[in-house]
Amino acid sequence: METCCRSTSMSASRPPLTLMAVFAHPDDESFGSGGSLARYGADPDVRSVLICATRGEAGEISDPALASHEELGKVREGELRCACQHLGIDDLQLLDYRDSGMAGTAQNQDPRSLVMADTDEVVGKVVAHIRREHPDVVVTFDEAGGYGHPDHIAIHQHTKAAFAAAADPKRYPEQIEGGLQPHQARKLYFTAIPRRFFRAAVEKMGELGLEVPERYQHLQIEEVGLPDSACTTDIYVEDCWDSKQAAIQCHATQLNPDSIFAMLPPDVMRELQAWECFQLAESQVGEDGDSHDLFAGLR
């Protein structure tokens with residue numbers, strides 16, 4: 001099996017560029033942008049950092065033998081650490097909020113949940129990580145959170161606010177007093193699985209005589225995922241697909257047998273996931289053009 005493997009020939013002439021991804025739950029990093037994280041995780045000139053807001057305590061359990069509801073957060077943290085190894089993540093940090101669950105569920109009201117957390121507190125935590133890690137590029141969910149999950153939307157809002165606040169010495173001055181310095185990341189990207197993937201996946205299922213799983217039948221394809229027109233920067237990841245797939249397999253509790261990701265054959269999924277979609281939201285160095293590189297203008 002061919003995977004993305006980091007070269008040991010890191011340039012001695014300059015420090016590595018830093019990519020920081022900020023997501024809500026374990027598995028967010030793998031299903032959507034795992035190929036890109038694996039690509040940059042294998043790049044000797046890039047250091048990659050992952051911030052995860054929760055441990056996914058309100059997630060599904062694909063097999064009762066894998067976890068109980070009481071232990072799910074602990075199990076999913078272990079799955080996340082497994083995935084990070086396959087993706088070449090250099091550093092993982094958890095914000096220690098609780099998974100808020102799907103929209104309209106009782107978990108939304110849990111005082112420990114991300115959506116109930118004080119906005120200034122969450123933004124401050126992300127700001128501290130930005131000031132500590134000095135990322136050149138920050139990646140988080142798009143404003144709809146891919147499919148409307150409350151935690152995805154919340155971490156989008158908090159990360160966008162932190163991207164600006166981290167550079168302002170008047171924000172969170174206690175961090176400055178503690179030794180951290182203001183930092184302006186150069187680029188901010190939003191990401192989600194693009195709608196073209198879901199259209200192509202449904203088409204492939206029809207060609208193969210597979211029935212669309214019930215869990216997807218209520219979804220409107222044109223309302224799920226990042227609109228194709230929003231994809232300013234597509235990253236080619238087919239040659240890193242095995243690393244992405246290995247990371248996804250780490251998240252065993254979330255691999256339901258009626259998922260599109262489980263039902264389509266691996267060779268089909270490799271083709272459908274050959275490119276990953278990012279939307280350049282803010283940049284200090286101009287547009288990306290046709291570079292297909294999150295570090296365009298920075299190398």
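Below, the figures for the structure above:
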item: Near pairs, Cβ below 8 angstrom, 6+ apart or cross-chain, from segment 23-44 (surrounded by fewer than 24 Cβ atoms within 10 Å (Cβ to Cβ)) to any residue that is among the β-branched types (Val, Ile, Thr) and assigned to a loop (DSSP other than H, G, I, E, B); result: PHE31/ILE193; PRO44/THR8
item: Boolean, ALA252 is of a type outside the set (Val, Ile, Thr) and crowded, with 20+ Cβ neighbours inside 10 Å; result: no
item: Members of segment 59-79 that are open to solvent by less than 20 Å² (accessible area, probe 1.4 Å) and either without any contact (Cβ under 8 Å) to a residue 12 or more places away in the chain or touching a Gly at 6+ places or on another chain (Cβ under 8 Å) (or both); result: LEU72, GLY73, ARG76
item: Inter-residue pairs, beta-carbon under 7 Å, first in contact (Cβ under 8 Å) with a residue 24 or more places away in the chain and over 18 Å from GLY145 (Cα atoms) and in segment 101-128, second buried (at least 21 other Cβ atoms within 10 Å of the Cβ) and of a type in the set (Phe, Trp, Tyr), 6+ apart; result: GLY124/TYR172; VAL127/TYR172
item: Scan of segment 125-158 for residues that are out of contact with any helix residue (DSSP H, G or I) (no Cβ under 6 Å at 6 or more places or on another chain), part of a loop (DSSP other than H, G, I, E, B) and open to solvent by 20 Å² or more (accessible area, probe 1.4 Å), ordered by number; result: HIS134, ASP136, ALA144
item: Single unsatisfied condition, LYS204 versus (1) modelled with pLDDT under 95; (2) farther than 25 Å from LEU280 by Cα; (3) surrounded by fewer than 16 Cβ atoms within 10 Å (Cβ to Cβ); result: (3)
item: Selection within segment 39-66 - among the β-branched types (Val, Ile, Thr) and assigned to a loop (DSSP other than H, G, I, E, B); result: ILE61
item: Only listed residue being touching an Asp or Glu at 6+ places or on another chain (Cβ under 8 Å) and of a type outside the set (Val, Ile, Thr), chosen from PRO173, PRO194; result: PRO194
item: Residue among ALA165, ALA106 that alone is surrounded by fewer than 16 Cβ atoms within 10 Å (Cβ to Cβ) and either of a type in the set (Gly, Ala, Ser) or in contact with a Cys (Cβ under 7 Å, 6 or more places away or on another chain) (or both); result: ALA106
item: Given (1) within 24 Å of GLY145 (Cα to Cα); (2) open to solvent by 30 Å² or more (accessible area, probe 1.4 Å); (3) among the small types (Gly, Ala, Ser), index of the condition ALA185 fails; result: (2)
item: Residue match in segment 272-279 (condition: acidic (Asp, Glu), more than 27 Å from ALA67 (Cα to Cα) and over 21 Å from the mean Cα position of the chain (by Cα)); result: no
item: Pairs where the first residue, in segment 171-182, is open to solvent by 70 Å² or more (accessible area, probe 1.4 Å) and the second is among the β-branched types (Val, Ile, Thr), C-beta under 9 Å, 6+ apart; result: ARG171/VAL123; ARG171/VAL127
item: Cross-chain or 6+ apart pairs with Cβ under 8 Å, segment 226-244 first and under 8 Å from CYS277 (Cβ atoms) and charged (D, E, K, R), then open to solvent by 40 Å² or more (accessible area, probe 1.4 Å) and part of a strand (DSSP E or B); result: ASP234/TRP275
item: Selection count where residues are open to solvent by less than 50 Å² (accessible area, probe 1.4 Å), in contact with a Lys or Arg (Cβ under 8 Å, 6 or more places away or on another chain) and at pLDDT below 95, scope segment 258-299; result: 2
item: Any hit, segment 109-118, residues being charged (D, E, K, R) and part of a helix (DSSP H, G or I); result: no
item: Which numbered condition ARG55 fails, given (1) farther than 21 Å from VAL22 by Cβ; (2) open to solvent by 30 Å² or more (accessible area, probe 1.4 Å); result: (1)
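The values are calculated or read from the model by the stated rules, or taken from the named source; none is laboratory data. Computed from a predicted model, the values in this text were never measured in an experiment. Backbone-built Cβ (ideal geometry, glycine too); neighbour counts: all protein chains shown. Accessible surface is based on the protein model in full, side chains and every heavy atom, while ligands, DNA and RNA are left aside. Shrake-Rupley method; radii C 1.70, N 1.55, O 1.52, S 1.80 Å.
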